[in-house]
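The values are calculated or read from the model by the stated rules, or taken from the named source; none is laboratory data. Predicted, not measured: the structure shown is a model, and the values here were computed from it. All Cβ positions, glycine included, derive from the backbone under ideal geometry; neighbour counts span all protein chains shown.
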Amino acid sequence: MPELPEVETIRRDLASLVLGRRIDEVEVLWPRTVQGLEAEAFQARLAGQRIEWLGRRGKHLLLHLSSGGDLIIHLGMSGRLLLEQGHISPEKYDRVLFRLEGGLALRFRDVRKLGWLALVKDGEEFLASLGPEPLEEGFTAEVLTKRLAGRKGQLKPLMLNQRFLAGVGNIYADEALFAAGLHPCRRADTLSEEDIARLHWAIRSTLASGIEDRGSSVNDYRDAEGRPGRHQENLAVYGREGEPCPRCGAPIQRIVVGGRGTHFCPNCQR
DNA sequence: ACCACAACCTGGCCGC
DNA sequence: TGCGGCCAGGTTGTGG
């Protein structure tokens, strides 16, 4: 599942190859993938525009275009952005094809159709309701403290709430809570100052180490070249039900919290 | 604010 | 071998 580290890996991979290139032609194969515009209008508006820079906001990829607008891409659960050389034709599960200047092509492939693309005036504004970027300097322990104040819900659903914090999904939420030694069901307003400091550090280091490993390929995730990441090998709890905790050896438990599969160590996370 | 649940989707897996 | 049923999860929307 593409979360912040996976989207950031794709952004970095794409940047070196597509920056400054013109989009020659766009082919929408599954119109519902495109939000807010008819497929024909979307295709027509993108053709001829240059990709000026690539950004990321939470799990969204932003392509800033020469017209001044932004193309926002969300990979959903199973979305991939695959960069290829040569004239490509549609393959199974392809939803949108971009043919770029210089014989380069980009496929948006998405088996489960939960991903989407939107062409908007201002991407940052369009995504303004998202919470802070966890890896930016401005995301300090004080900021986290303020955002936690008055929150009575459990930590796990809060970590997944994109309005609370942008970019964390099910994998990195479980990993960050493990690294912080906090139980996923812990009420947010019961954290001490030290708890919050550990959670703050845990969120940032968990995401950073995911990026270092080029993302986690638990199911579907692939980078722009179609390669898996390797962070799944370094996950402490996610997907490891019954396996020994890397810290204390107790078996990792899987429970459902807020309707989501949740992995934790019952000994290290109280 | 918070919670529960449905909807969007489909491959993969289970049990029969 | 096949079929029905359920699960996975990111996000939004609804209703309590």
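Cβ-Cβ distance below 6 Å, separation of 6 or more or different chains: which pairs start in the range A:211-237 with a residue that is at pLDDT below 85 and end on one that is buried (at least 21 other Cβ atoms within 10 Å of the Cβ) and of a type in the set (V, I, T)?
A:S216/A:I171
Exactly one of (1) buried (at least 18 other Cβ atoms within 10 Å of the Cβ); (2) among the hydrophobic types (A, V, I, L, M, F, W, C); (3) within 16 Å of DNA strand C (Cβ to nearest atom) is unmet by A:L106. Its number?
Failed condition: (3).
What's the total number of residues in the range A:31-62 that are of a type outside the set (V, I, T) and either in a helix (DSSP H, G or I) or free of Cβ contacts under 8 Å to residues at least 40 places away in the same chain (or both)? It would help to see each step written out before you state the result.
Pass one, the range A:31-62, residues of a type outside the set (V, I, T): A:31-32, A:35-50, A:52-62.
So of that shortlist, the ones also either in a helix (DSSP H, G or I) or free of Cβ contacts under 8 Å to residues at least 40 places away in the same chain (or both) come out as A:31-32, A:38-50, A:52-53.
Summing the residues that are of a type outside the set (V, I, T) and either in a helix (DSSP H, G or I) or free of Cβ contacts under 8 Å to residues at least 40 places away in the same chain (or both) in the range A:31-62 gives 17.
Residues A:V218, A:V237, A:V257: which one is hydrophobic (A, V, I, L, M, F, W, C) and touching an Asp or Glu at 6+ places or on another chain (Cβ under 7 Å)? Walk me through how you get there before you give the answer.
Values: A:V218 fails: touching an Asp or Glu at 6+ places or on another chain (Cβ under 7 Å); A:V257 fails: touching an Asp or Glu at 6+ places or on another chain (Cβ under 7 Å).
Answer to the selection: A:V237.
Looking at A:K92 and the list (1) more than 16 Å from DNA strand C (Cβ to nearest atom); (2) under 24 Å from the mean Cα position of the chain (by Cα); (3) surrounded by 15 or more Cβ atoms within 10 Å (Cβ to Cβ), which single condition is not satisfied?
The number of the failed condition is (3).
Any chance you could count how many residues in the range A:203-224 are within 16 Å of DNA strand B (Cβ to nearest atom) and of a type in the set (S, T, Y)? Full working, then the answer.
Initial filter on the range A:203-224 (within 16 Å of DNA strand B (Cβ to nearest atom)): A:217-222.
Then keep just the ones that are of a type in the set (S, T, Y); that gives A:217, A:221.
Result for the range A:203-224: 2.
For the range A:174-200, what are the residues that are closer than 18 Å to A:G215 by Cβ and either without any contact (Cβ under 8 Å) to a residue 24 or more places away in the chain or of a type in the set (D, E, K, R) (or both)?
Within the range A:174-200, A:D174, A:E175 meet the criteria.
When the residues of the range A:192-215 are filtered to those that are touching an Asp or Glu at 6+ places or on another chain (Cβ under 7 Å) and part of a loop (DSSP other than H, G, I, E, B), which remaining residue is surrounded by the most Cβ atoms within 10 Å (Cβ to Cβ)?
Top of the filtered list is A:G215.
Could you identify the single residue in A:G76, A:G20 that is assigned to a loop (DSSP other than H, G, I, E, B) and away from DNA strand C (no atom under 14 Å from the Cβ)? Explain how you work it out, then say what you get.
Values: A:G76 fails: away from DNA strand C (no atom under 14 Å from the Cβ).
Sole residue among the options that is assigned to a loop (DSSP other than H, G, I, E, B) and away from DNA strand C (no atom under 14 Å from the Cβ): A:G20.
Among the helices (runs of 4 or more DSSP H) confined wholly to the range A:81-191, which include 3 or more residues that are closer than 27 Å to A:N234 by Cα and more than 16 Å from DNA strand B (Cβ to nearest atom)?
Details: elements: A:123-126, A:141-148, A:155-160, A:170-180.
Passing ranges, in order: A:170-180.
Got at least one residue in the range A:64-76 being out of contact with any Leu (no Cβ under 6 Å at 6 or more places or on another chain), touching a residue at least 40 places away in the same chain (Cβ under 8 Å), surrounded by 22 or more Cβ atoms within 10 Å (Cβ to Cβ) and of a type in the set (A, V, I, L, M, F, W, C)?
yes
Please verify whether the range A:242-260 includes one or more residues that are assigned to a strand (DSSP E or B), among the polar types (S, T, N, Q), modelled with pLDDT under 95 and away from DNA strand B (no atom under 15 Å from the Cβ).
yes
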